[in-house]
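Presented below is the structure to which this report refers.
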């Protein structure tokens, strides 16, 4: 129903139409209710979802977020001191809880970012990035049985129901 992203989109709608005060009030409400910083100027792609209603999510207003992106709770997407530029996150990316995507990085389409990963370098399309600092393990579309690399981790969408 009402979550941080819904409130942010309402604030963005009003901000784009020149309403001066209500978008800032909604931004404050998001901060107090969800612990999130979601500026009315931030553009989220269609179908983007914030996990757990958007608890503790921080997104820089000039970051670019694609379509159908899953952003879990506690994620930070923003700048990095001494590095001009901000993250660009393409479509169909999944970002795990507590991950940080910092600086002028490009996260390719369909990439998976592990929980608590700190991404400071580009992630290829369909890449799987984990760790501090994050490094790519493999292609999310690759067949894990075909690899001889012991660090290849099987990532599937086959969860027991």
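Derivation of every value follows stated rules applied to the coordinates shown; laboratory data play no part. Being a predicted model, the structure only gives us computed values, none of them experimental. Positions of Cβ are backbone-derived with ideal geometry, glycine not excepted, and every protein chain shown enters the neighbour counts.
Observations, loosely collected:
- Placing R0 at 22 angstrom, the Cβ-Cβ distance between residue 25 and residue 2 gives a FRET efficiency of 0.90 after rounding to 0.05.
- Extension gain for residue 46-residue 33 works out to 2.4 nm (0.36 nm per residue, less the C-alpha to C-alpha distance).
- Between residue 139 and residue 58, the simple label model (points 7 Å from Cα in the Cβ direction) yields a spacing of 3.6 nm.
- Protection proxy ranking of 66-72, 95-101, 79-85, 47-53, by the mean of other Cβ atoms within 10 Å over each peptide's residues and highest first, is 95-101, 66-72, 47-53, 79-85.
- Among the listed options (1) 17.5, 60; (2) 16.5, 58; (3) 18.9, 62, the one matching Rg and Dmax of the Cα atoms in Å as calculated from these coordinates is (2).
- Using a Förster distance of 22 Å, the FRET efficiency for residue 109-residue 13 (Cβ separation, nearest 0.05): 0.25
- In the chain, Cα pairs under 8 Å separated by at least six residues give a relative contact order of 12 percent.
- For segment 48-145, the antiparallel share of DSSP beta bridges with both residues in that region comes to about 20%.
- For segment 23-64: rounded, prolate or oblate by the Cα gyration tensor [a/c cutoff 1.5]: oblate
- From its DSSP helices (H runs of at least four residues, each -39,500 (n - 2.57)), the chain gives a residue-normalised ellipticity at 222 nm of -5000 deg cm²/dmol.
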